[in-house]
Amino acid sequence: MSVTVTKKELAEQAMRRAWFPVARSCDLEPGGSPQAATLLGERLVVWRTASGAAVVQQRRCPHRGADLSIGKVHGEEIACPYHGWRFGAESGRCTLVPSLADQSRIPPRAAIATHAAVERFGHVWTTLEEPAFEMYDPQEWHGTAWEWLAARPIDSSTGVAVAIENFRDVAHFPFVHEVSMGPTPAVVEPLDVRRDGVDVYMDRPLDAGDGEWANDGDCMMNYHCIAPGVAIITYDYEKLGKRIVAGFPSPVAYDRVRIFWAVANEVGFRGASLEENLRIEEMVYLEDGPVVADIEPSEIDWDGEYVEHSVPADLFTLNYRRAFEEFVRRAHAG
């Protein structure tokens, strides 16, 4: 008897092979306190060894189930807060059981799952299973030196795809972002959108207007989404240089995310400081929160159970949906 797998289930399975951030790099001191994280329901501990390497591992101690995120780091090992069992950063194997007089009797299978850990864009990234793609590395940032500032994460009761669509939807600006962006036209011009596999691009000029969001004046906004979970804008100012805002919604569960995000300035940028750009971009994020919190359904309806109507202003988000479906196909094919 065959079992039908829904598109929603395929999407959730595929995301286990995608890279997502689980902590800010600045929150992890060498040998310092571990951090708790949850990714697609998996409880993780994120920590930094005394030598400076970021580590992502299973949070549950396999002895009696204590939470390793409230444990302590000892050099290249993490110790359980309950009975002091220690586990190595690279292998996850138990290296010490304090109650044993003879350490050769450590249970040979005592270990915690260890996941890949990559630091980029001010965050620690991981993947629960063999990644379907290499870690994100946008081509448009190559050849430029950047200074990054990671923001405080924001929790949202949406899935990854709904969060990304919100970041890249341009028709909601006059209704949600009146304060941060000031008055903006309700009519959306024909959008210049192009998709290349899991990447979606759009170039759109920014008319600075009266909002705080654009105090540095007019520029070109280069939009880029990478399915499933990266949404970036590179602002290109003719006389000031370039800056970035980047959003990385990380799925705590299929339909709930922790939005990690950051800003960056080109080294030598002559406009607003990193701190000022973060303050302005945070205004935009926080204005979105109350609206997206009640979107129904909270994640894209991949199985077509809800009625939706689209218009030309949705061209970017419709292409992102195609990119997400491409990601799912490739994740299951590889």
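Within the set of pairs 6 or more residues apart or between chains, which connect a residue that is farther than 18 Å from Ala151 by Cβ inside the stretch 245-273 to a residue that is crowded, with 17+ Cβ neighbours inside 10 Å and among the β-branched types (Val, Ile, Thr) with Cβ atoms less than 6 Å apart?
Pro251/Val160; Pro251/Val257
Filter the stretch 115-152 for residues that are in contact with a Ser or Thr (Cβ under 7 Å, 6 or more places away or on another chain) and assigned to a loop (DSSP other than H, G, I, E, B); which is farthest from Val45 (Cα to Cα)?
Restricting to residues being in contact with a Ser or Thr (Cβ under 7 Å, 6 or more places away or on another chain) and assigned to a loop (DSSP other than H, G, I, E, B), the top hit is Gly122.
Answer with yes or no whether Met181 is touching an Asp or Glu at 6+ places or on another chain (Cβ under 9 Å), in the same structural domain as Phe327 (by TED's automatic domain parsing) and farther than 23 Å from His142 by Cα. Full working, then the answer.
Values: touching an Asp or Glu at 6+ places or on another chain (Cβ under 9 Å): yes; in the same structural domain as Phe327 (by TED's automatic domain parsing): yes; farther than 23 Å from His142 by Cα: yes.
Yes, satisfied.
How many residues, within the stretch 39-88, are part of a loop (DSSP other than H, G, I, E, B), within 30 Å of Glu12 (Cα to Cα) and within 23 Å of the chain's Cα centre (by Cα)?
Start the filter on the stretch 39-88 by keeping residues that are part of a loop (DSSP other than H, G, I, E, B), which leaves 40-41, 49-53, 59, 61-66, 71, 75-76, 80-85.
Keeping just the survivors that are within 30 Å of Glu12 (Cα to Cα) gives 40-41, 53, 59, 61-66.
The next check asks that each one be within 23 Å of the chain's Cα centre (by Cα); those that pass are 40-41, 53, 59.
Of the residues in that region, 4 qualify.
Could you list, in sequence order, all residues of the stretch 46-67 that are within 17 Å of Glu29 (Cβ to Cβ) and in contact (Cβ under 8 Å) with a residue 24 or more places away in the chain? Can you show your working first?
Let us first name the residues in the stretch 46-67 that are within 17 Å of Glu29 (Cβ to Cβ), namely 46-56.
Scanning the stretch 46-67 gives Val46, Trp47, Arg48, Thr49, Ala50, Ser51, Ala53, Ala54, Val55, Val56.
Can you say whether Asp288 is over 21 Å from the mean Cα position of the chain (by Cα), of a type in the set (D, E, K, R) and not in a loop (DSSP other than H, G, I, E, B), as far as the supplied structure shows?
It is false that Asp288 is over 21 Å from the mean Cα position of the chain (by Cα), of a type in the set (D, E, K, R) and not in a loop (DSSP other than H, G, I, E, B).
For the structure I just gave you, tell me whether Thr114 is crowded, with 17+ Cβ neighbours inside 10 Å, among the polar types (S, T, N, Q) and over 14 Å from the mean Cα position of the chain (by Cα).
Working: crowded, with 17+ Cβ neighbours inside 10 Å: yes; among the polar types (S, T, N, Q): yes; over 14 Å from the mean Cα position of the chain (by Cα): yes.
For Thr114, the condition - crowded, with 17+ Cβ neighbours inside 10 Å, among the polar types (S, T, N, Q) and over 14 Å from the mean Cα position of the chain (by Cα) - is met.
Given Asp203, Asp155, which one is assigned to a strand (DSSP E or B) and free of Cβ contacts under 8 Å to residues at least 40 places away in the same chain? Outline the logic, then answer.
Details: Asp155 fails: free of Cβ contacts under 8 Å to residues at least 40 places away in the same chain.
Going through Asp203, Asp155 in turn, just one is assigned to a strand (DSSP E or B) and free of Cβ contacts under 8 Å to residues at least 40 places away in the same chain: Asp203.
Does the stretch 97-115 contain at least one residue that is closer than 30 Å to Arg152 by Cβ, out of contact with any Lys or Arg (no Cβ under 8 Å at 6 or more places or on another chain) and not polar (S, T, N, Q)? Show your work before the answer.
Quick first cut of the stretch 97-115, residues closer than 30 Å to Arg152 by Cβ only: 112-115.
Still in the running and out of contact with any Lys or Arg (no Cβ under 8 Å at 6 or more places or on another chain): 113-115.
Narrowing the set further to residues that are not polar (S, T, N, Q) leaves 113, 115.
Checked the stretch 97-115: at least one residue is closer than 30 Å to Arg152 by Cβ, out of contact with any Lys or Arg (no Cβ under 8 Å at 6 or more places or on another chain) and not polar (S, T, N, Q).
Just for the stretch 29-61: of the residues that are within 20 Å of Asp155 (Cα to Cα) and of a type in the set (D, E, K, R), which one is surrounded by the fewest Cβ atoms within 10 Å (Cβ to Cβ)?
That would be Arg43.
What tally of residues in the stretch 242-256 results from selecting those that are under 13 Å from the mean Cα position of the chain (by Cα), within 30 Å of His142 (Cα to Cα) and not hydrophobic (A, V, I, L, M, F, W, C)?
Total satisfying the criteria: 4.
For Arg93, state whether it is crowded, with 20+ Cβ neighbours inside 10 Å, farther than 30 Å from Gly197 by Cβ and in contact (Cβ under 8 Å) with a residue 12 or more places away in the chain.
Working: crowded, with 20+ Cβ neighbours inside 10 Å: no; farther than 30 Å from Gly197 by Cβ: yes; in contact (Cβ under 8 Å) with a residue 12 or more places away in the chain: yes.
Spelling it out, it is not the case that Arg93 is crowded, with 20+ Cβ neighbours inside 10 Å, farther than 30 Å from Gly197 by Cβ and in contact (Cβ under 8 Å) with a residue 12 or more places away in the chain.
Out of (1) crowded, with 23+ Cβ neighbours inside 10 Å; (2) part of a strand (DSSP E or B); (3) of a type in the set (A, V, I, L, M, F, W, C), what's the single condition that is false for Ile300?
Of everything listed in (1) crowded, with 23+ Cβ neighbours inside 10 Å; (2) part of a strand (DSSP E or B); (3) of a type in the set (A, V, I, L, M, F, W, C), Ile300 misses just condition (2).
Given the structure, is Ser250 of a type in the set (Ser, Thr, Tyr), in contact with a Lys or Arg (Cβ under 7 Å, 6 or more places away or on another chain) and farther than 20 Å from Met181 by Cβ? Walk me through how you get there before you give the answer.
Values: of a type in the set (Ser, Thr, Tyr): yes; in contact with a Lys or Arg (Cβ under 7 Å, 6 or more places away or on another chain): yes; farther than 20 Å from Met181 by Cβ: yes.
Considered against the rule, which asks whether it is of a type in the set (Ser, Thr, Tyr), in contact with a Lys or Arg (Cβ under 7 Å, 6 or more places away or on another chain) and farther than 20 Å from Met181 by Cβ, Ser250 comes out as yes.
Of all residues being among the basic types (Lys, Arg) and in contact with a Phe, Trp or Tyr (Cβ under 9 Å, 6 or more places away or on another chain) in the stretch 224-257, which is farthest from Lys8 (Cα to Cα)? Just the residue, please.
So in the stretch 224-257, the residues among the basic types (Lys, Arg) come out as 239, 242-243, 256.
Going one step further and asking which of them are in contact with a Phe, Trp or Tyr (Cβ under 9 Å, 6 or more places away or on another chain), we end up with 242-243.
On the way: Lys242: 38, Arg243: 35 Å.
Applying the filter and picking the extreme gives Lys242.
Would you check if Asp236 is surrounded by fewer than 21 Cβ atoms within 10 Å (Cβ to Cβ), under 19 Å from Ile295 (Cα atoms), acidic (Asp, Glu) and in the same structural domain as Asp203 (by TED's automatic domain parsing)? Full working, then the answer.
Numbers: surrounded by fewer than 21 Cβ atoms within 10 Å (Cβ to Cβ): yes; under 19 Å from Ile295 (Cα atoms): no; acidic (Asp, Glu): yes; in the same structural domain as Asp203 (by TED's automatic domain parsing): yes.
In short, no.
I want to confirm something. Restricting to the stretch 303-334 and keeping residues that are of a type in the set (Phe, Trp, Tyr) and in contact (Cβ under 8 Å) with a residue 24 or more places away in the chain, which single residue is surrounded by the most Cβ atoms within 10 Å (Cβ to Cβ)? Quick ask: steps written out before the conclusion?
Of the residues in the stretch 303-334, the ones of a type in the set (Phe, Trp, Tyr) are 306, 316, 320, 324, 327.
Narrowing the set further to residues that are in contact (Cβ under 8 Å) with a residue 24 or more places away in the chain leaves 316, 320, 324, 327.
Details: Phe316: 23, Tyr320: 28, Phe324: 25, Phe327: 23.
Among those that are of a type in the set (Phe, Trp, Tyr) and in contact (Cβ under 8 Å) with a residue 24 or more places away in the chain, it is Tyr320.
The values are calculated or read from the model by the stated rules, or taken from the named source; none is laboratory data. What you see is a predicted model, and the numbers here were worked out from it, not measured in a lab. Quick reminder, even Gly has a Cβ in these numbers, built from the backbone with ideal geometry, and neighbours come from all protein chains shown.
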